[in-house]
Structure formats: C-alpha cells, structure tokens
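In what follows, a structure is listed as structure tokens, so that the remarks can point back to it.
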Amino acid sequence: MREIDISTVTEAVQRLCLEANYVAAPDVRKAFELAAEREVSPLGKQVLTQLLENMRVAEVERVPMCQDTGTVVIFADIGQDLHFSGGLFSDAVNEGVRRAYTGGYLRSSIVDRPVGKRTNTRDNTPAVLHLHLVDGDQLTMTMLAKGGGAENMSQMRMLTPGDGLDGVLNFVVETVERAGPNACPPVIVGVGIGGTFDSVGTLAKQALTREIGSEHDDPQIQEIEGELIQRINNLGIGPHGFGGRITALAVHVEIAPTHIASLPVAVNLQCGPAARLRRVTI
Amino acid sequence: MLDLRAGDAVEISGVVLTARDAAHQRLIETLDRGEVLPVDLAGQVIYYVGPAPARPGAVIGSAGPTTSGRMDRYAPALHAAGLRGTIGKGYRSDVVRQALVEHCGVYFAAVGGSGALLAKRIVSAEVIAYPDLGTEAIWRLQLDRFPAIVVNDAYGADLYSTAKGEYRRDG
C-alpha cells in the first residue's frame, strides 16, 4: 500500500489547469500546422494562421488561449493499492482548480445552479470528476478544460439496432453539420457508441482524451473513423465556418458492450483552437 | 453599415459595448418593464464576450467571441432599440437576419479561440453596467483595428451558407 498526501493532488491539478489553458499541447499545434498547409480556402487558411499565432501569444504572455477557460473535467485512474491521506480526494481536486483559476487569471465560468439565480461560484469549482479503480499504486489524472460553445453543440441519441452503422454515421455527421461555426471548427469529434444512456456520454468525452490522429487498435473502428472524417471534411464548413476543407482535425470513436435492444450514440465536440488536455501520473 | 457585404474582412476601430447571456436577460427585462436602459444602444455595436481577468498592467484578459445564437432571442428587440451591429461567432436565426435587414444592421464574426490575440486589439476597457455580473457585466471597450468578417449584412446575405456551398463535396 502506497500513501500520498492529498496536497500532492491539489498541486498537480493546479499545474494541469494552468498549463492546459496557457500552452497548446504538441499534438494540437501539429494538427493546426498540418491543417494550415492543407486548407485550400484562403479565408480558412488565414483563420488557421491566426489561431497558430494566438497559441504563440498565449504561451509567451501566460494568458489563456481562449477566454472560455472551461469546465474542468478530470478522469482519475486510481490504483487500488494507493491511499490518500489528509483529506477528501474531491476537495483536493477542487482546491487545485480554485488556486489555478483565481490565481492564474483564468475565467470563472461555473454557476452554482442551472436554473434560477445562476450565481457564479467565482472560482470555477466544482470540477466534474470521473473516478476509475485500476491496478497498481499510482494515480493518473487526465484533465480537460471544456468550453461551453462546443459542449452546447454536442448530442446524444438512443438509436436501436436496426438503425445500424449507417444510422450511427449519419447521426455523427448531422451533429457536426448542425454545430457548424458554433463549435469553433476545426473541431475534434469524440464519439461514444454502446453502453447505456448515462455511460455513452462519458465514453464520447473519453474519446476526446486520445492523442489527435492516434490510430485505434480495433480495425473496424479505424475504418469508421476514416469514413467519418472524410464525410465531415466534405461538408465544406471549414475553419470557423468561413468555408473550406478542414472542418475536423480528428474523429475518435470508442465503443462499449450494450443491451440487445440498444444502440446509444453520443457525439461530444471539442473546439480545436482551444483543445486543452493534460495528463499526469503521480 | 450599408457599405458592408457578407464576406468582407474588416478591422473595427472605436467604441463597442459587451454583453452576453446574463446582461441580455436584464436588458430585455428592463425594456419589457418600459424602463430606460442603463446604456444607450443608439447606433451602437455589441460584442458578445465574457473576458478573462486581466493580468496586472494589461488592459483586459483574453477576449474572443462567444456563440451568438444564444442571444438570438434578444437581438431583434435590441436592434429595434437602436442597436446597429453585433460581433460574435456562429449562426444567427432567420429572425435576427430579418432584423438586420429592417434596421440596416450588420453581424460580424471574430475568430473563436483566438482570445489572447484579439485582446491585443482592445486598448481600453471599463465596466459601465451590471458590475455584479463580473465577466458577464456590460463593458465599454475601445477597439483598435479589431479583425472581423462580415457574416450577415443589411441585404440579407449569409456568408456561412454561401461559403459552405462553395467547398462542399458529395459523399
């Protein structure tokens, strides 16, 4: 049994939040450089160049790439042989969020209740936490700062087995088309297929935590991802919706076993310009 | 505004006001009660933005556009109250596009996700109404060569639909 003090978690979360907002991850930057080379629309190319310049400015000045510094979503893989001392895990995570957002000039974007007075919590807490027990004695935290614009354009639907793969593909493409410029394209498309009503959305979000352009180890999923990105980039929406051939930087699909009667699908959109993801193992 | 056409790339210099969801709700409630608005909208442009906090010495924190569609339900009444233009990102409804034609208005898009860069084109910023709303307060911003694209003009044109058609491929 390994024991770590909960303050280690707070410090790690604080660092994740700051770096994710100030510095574009290498895979995001690389995807934009490639897109800027490939985009044929002049206005689209100009937008991509502007976004690369924005990443440079944010990193140098230590300011967030986007004013919407997002909801903090953390997937925590906790080794079964690890013990936290000195306080509650969720409190420690929220303290890390609080320190980063109030001390790091990040915007507080969370309101305490969804309907009624909607008072801003002023420190961007609480974070959304997904806890998973895994082998070993380590903690791995994968953190996303999820902006509201792309999140609002995400969709889920309870399809049924007869809708089949075609039904799934059409739903994904329709969701990206309906989102259009609202989701700040070029986007990263996270797709969850299978599971239940509650789990499929998490699966779609988990799909967003893969490295951009990484290959899925299941050949059928690889094929689905290939077809989807082609269909999406044929829509013509382009960077920021000003027209072009690059609407998505990547489509990541994850699947899960499901009920004999069910075919749930969720599409979680991530804006490319401020795709903020960081991972740490302690 | 009548010289501007969908697809034009422009640089905006001068004063604009900011407002997003919460401020719009209050403005409309004020109009519905028949009271005077805390800001004069005549001939004004509203920028849909909720800026990040400024670092010491900076005018403003990152300040890119938010999704305009959420303000569609409020925009026609504000155009009727004198508003001439809006800056944001994303689709506008048919009703808003119609209001732009009726009131000779224009909708501009700034590039979403480039808030660090756009903040450099804001030379002064002060809160002028609803300070309790924090980032959602109404700010008065002085812009200097702020880059934007005309999406919807006073003649009913829509860049988003024409641009998409140009690059769309079947299959």
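So the values come out like this:
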| read-out | value |
| --- | --- |
| Residue within the range A:194-201 that is touching a Leu at 6+ places or on another chain (Cβ under 8 Å) and in the same structural domain as residue A:266 (by TED's automatic domain parsing) present | yes |
| Pick from the range B:14-28, criterion of a type in the set (Gly, Ala, Ser) and surrounded by 13 or more Cβ atoms within 10 Å (Cβ to Cβ), ranking: nearest to residue A:110 (Cα to Cα) | B:22 |
| Which listed residue is facing chain B (nearest Cβ under 10 Å), surrounded by fewer than 18 Cβ atoms within 10 Å (Cβ to Cβ) and modelled with pLDDT of 95 or more, from A:115, A:128, A:134, A:111 | A:111 |
| Residue among A:80, A:50 that is among the polar types (S, T, N, Q), within 14 Å of chain B (Cβ to nearest Cβ) and over 21 Å from the mean Cα position of the chain (by Cα) | A:50 |
| Options B:55, B:92, B:145; residue that is without any contact (Cβ under 8 Å) to a residue 12 or more places away in the chain and either in a loop (DSSP other than H, G, I, E, B) or more than 8 Å from chain A (Cβ to nearest Cβ) (or both) | B:55 |
| Qualifying residues in the range A:219-259 (those that are of a type in the set (D, E, K, R), closer than 13 Å to residue A:191 by Cβ and over 19 Å from the mean Cα position of the chain (by Cα)) - the one nearest to the other protein chains (Cβ to nearest Cβ) | A:231 |
| Members of the range A:91-124 that are closer than 23 Å to residue A:61 by Cβ and among the β-branched types (Val, Ile, Thr) | A:97, A:102 |
| Residue in the range B:2-16 that is under 15 Å from residue B:86 (Cβ atoms) and of a type outside the set (A, V, I, L, M, F, W, C) present | yes |
| Restricting the range A:119-159 to residues that are over 30 Å from residue B:137 (Cα atoms) and part of a loop (DSSP other than H, G, I, E, B), the residue that is nearest to the chain's Cα centre (by Cα) | A:138 |
| Members of the range B:118-142 that are within 10 Å of chain A (Cβ to nearest Cβ) and touching a residue at least 40 places away in the same chain (Cβ under 8 Å) | B:118, B:119, B:133, B:135, B:136 |
| Wholly within the range A:1-101, strands (runs of 3 or more DSSP E) carrying at least 1 residues that are under 30 Å from residue B:110 (Cα atoms) | A:71-79 |
| Test: residue in the range A:137-145 that is among the polar types (S, T, N, Q) and surrounded by 18 or more Cβ atoms within 10 Å (Cβ to Cβ) | yes |
| Hey, residue B:38 at pLDDT 95 or above, more than 12 Å from the chain's Cα centre (by Cα), exposed (fewer than 14 other Cβ atoms within 10 Å of the Cβ) and within 19 Å of residue B:137 (Cβ to Cβ) or not | yes |
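The values are calculated or read from the model by the stated rules, or taken from the named source; none is laboratory data. Everything quoted here is computed from the prediction, not taken from an experiment. Glycine also receives a Cβ, built like all others from the backbone with ideal geometry; neighbour counts cover every protein chain displayed.
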